[in-house]
1. I need two numbers for the stretch A:3-78: Rg to one decimal and Dmax as a whole number, Cα atoms only, in Å.
2. Take each of the peptides B:434-443, B:311-320, average the number of other beta-carbon atoms within 10 Å over its residues, and list them starting from the highest.
3. Considering Cα pairs under 8 angstrom that are at least six residues apart, work out the relative contact order of chain B and quote it in whole percent.
4. Is the stretch B:266-425 best put as rounded, prolate or oblate by its Cα gyration tensor, with a ≥ b ≥ c the root eigenvalues, rounded for a/c under 1.5, and otherwise prolate when a/b is larger than b/c, oblate when not?
5. Would you look at the GNM of chain B, springs on alpha carbons closer than 10 Å, and say which of B:Ala69, B:Ala164, B:Ala31 moves the most?
6. Rounded, prolate or oblate: which fits the stretch B:8-97 when a ≥ b ≥ c are the square roots of the eigenvalues of the alpha-carbon gyration tensor, with rounded for a/c under 1.5 and prolate only if a/b beats b/c?
7. Which pairs, out of B:Lys91/B:Lys346; B:Lys149/B:Lys391; A:Lys26/B:Lys156, put more than 26 Å between their alpha-carbon atoms?
8. Take the stretch B:149-438, compute every pairwise Cα distance, and split them into 5 Å bins from 0; I just need the percent in each bin.
Amino acid sequence: MEWDLVAFIAFSALELVAAVLVVTSKRLVHSVFWLSVTLVTIGAIYILLRAEFIGLVQIVVYAGAVPILFLFGIMLTRRKIMEEPHEAE
Amino acid sequence: MSGHLIDLYGLCEGLITFVNGLVGRIMTGVAGGIETIGIAPPGAGAPLRDQAALMNSPWVIGLIAWLTAIQIMILWGTAINLLLMMWMERKFYSRLQDRVGIKIGLTSMDFLARLPIIGGLFTNFVKRPSHLGTGFLQNVADGVKMVQKENLTPAKADAFTFHAAPVLIAASTLLIFAALPFSEGFTIMQSPNPFGVLFMLAAFGLAPIGILIAGWSSNNKYTLIGGMRSAAMLMSYEIPMILSIISVVVLMGSLDPFEIVRTQSEPISASIPALGFLANPAALDGIYFPNWNVFTAFPAFLVFAVAILAEQERIPFDLPEAEAELVEGWLTEYSGMRFGLVFGFKWLRGLAGSGLLVILFLGGWTGPHLTLPLGGFSLPLPFQELWFMVKVYLVFMVYVWISWSFPRIRIDQILNIGWKVLIPIALLAIFLSISLRAFGVYH
């Protein structure tokens, strides 16, 4: 059995699930969390494909920039800290 | 010059080979036994023999050896170093404040004086048993208290992200230790590790996500403000940190921590011929002026040290959890061991940051040592692990000293220092390093 393939399938499945959850999550912050999972798993797949440098740079640059998105998500969208979707005006 | 005492993976592999070989031998013995005694038909022991053969196959031994090595690294990092660093910090700042600090230790335990024979040695301790120890058990007691406490979830909190955030913070902190070598042998990622420094930076960069999620999901204005401040600070200090590493990488020509340390262990006159007068051929063997980056890239060292201080959220930069303003910052709503985890792992990030500083600027685990021949085994003294830990603890003590001597600075000052002071100095350091290389001063 090829363990590279198993790891690749596991990471890809995680990445696809997280990518679907990015668009289907009701709360913006959940989307940002799943986006960070997606970006880190893409980095892991790069490392699996023997491209260690680009994988680590992917994690440093993209996953490192997620907090910025997070800040925008908090500061520019809702007035309250946390609000149920059905309670929104 | 191999001066390490422990080869972590080799040790684990030997241990697992021994244990698996023993168990496999017992299983084949049992398989042969039940066939010869006659309680089972011939061939009934085949599954046991197959199992024994599987257990002794190279990939099973390799897998279990890797898992054991990772476990030992995690235990060494958390259980030993975390407790030791918290103890050292508490004792040290207590001395700075002219008091003795925590004192509950093994010798202050009441039952020792009541033991039948050796109890007489501890008789005096009975009167004030909590005042005569070394204080090392105080942190253990705090940890036990935290484990016992209820793990509360605030009613309006976002339960999923609230519980995911400590896991993210703990996992990203432990990930640093996958690439952080304590010596040439005591490491998870083995010697040619071409992107080790980059790996540690990537793991450092994942922590702000967990901190922001923790701050947001508690649904509390204090935690949200703390998380926002923490993200703003960590983001703005990550940039000078990475820029200051660039100047080291320019000088060393590598991102491999082993290569960086090996280059730093050489005499400085080997890299800078102009400093040849520092070379002393008549000196003792192994004692010379080393090529540490702290000498050749001093501005980068300053920037990196300040950035690591901010990365730990220690007192001059502890705005994210300013007690007087924001209860406990982004970890206000956590209780029980989750609080212990996110609170204690700041020390672990401090350890990892100090370790990175020592590897990049202070020569890592190299230092003058004797080699004692002990039978067929030559024991280096002090061995590499000892040099590394002494340097790391000294750097950490300097951080403790700074953080208990200075007042907290304001958010605008923090961002001004980060963007207007540290980044220009880091760029200047890169310019200096490139000039040293370009004009042939540094080989």
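Read-outs throughout are calculated quantities, based only on the coordinates presented, and are distinct from any laboratory measurement. It should be emphasised that the depicted structure is a prediction, and the values quoted were computed from it without experimental measurement. All Cβ positions, even for glycine, are placed from backbone atoms using ideal geometry, and neighbour counts span all protein chains on display.
1. Reported Rg and Dmax, both Å: 13.5, 45.
2. Going by the mean number of other Cβ atoms within 10 Å, highest first, we get B:311-320, B:434-443.
3. Reported relative contact order: 19 percent.
4. Oblate is the answer for the stretch B:266-425, as a/c is 1.5 or above yet b/c matches or exceeds a/b.
5. B:Ala31
6. It is prolate, given that a/c is not under 1.5 and a/b is the larger ratio.
7. B:Lys149/B:Lys391
8. 1, 6, 11, 15, 16, 15, 12, 9, 6, 4, 3, 1, 1, 0, 0
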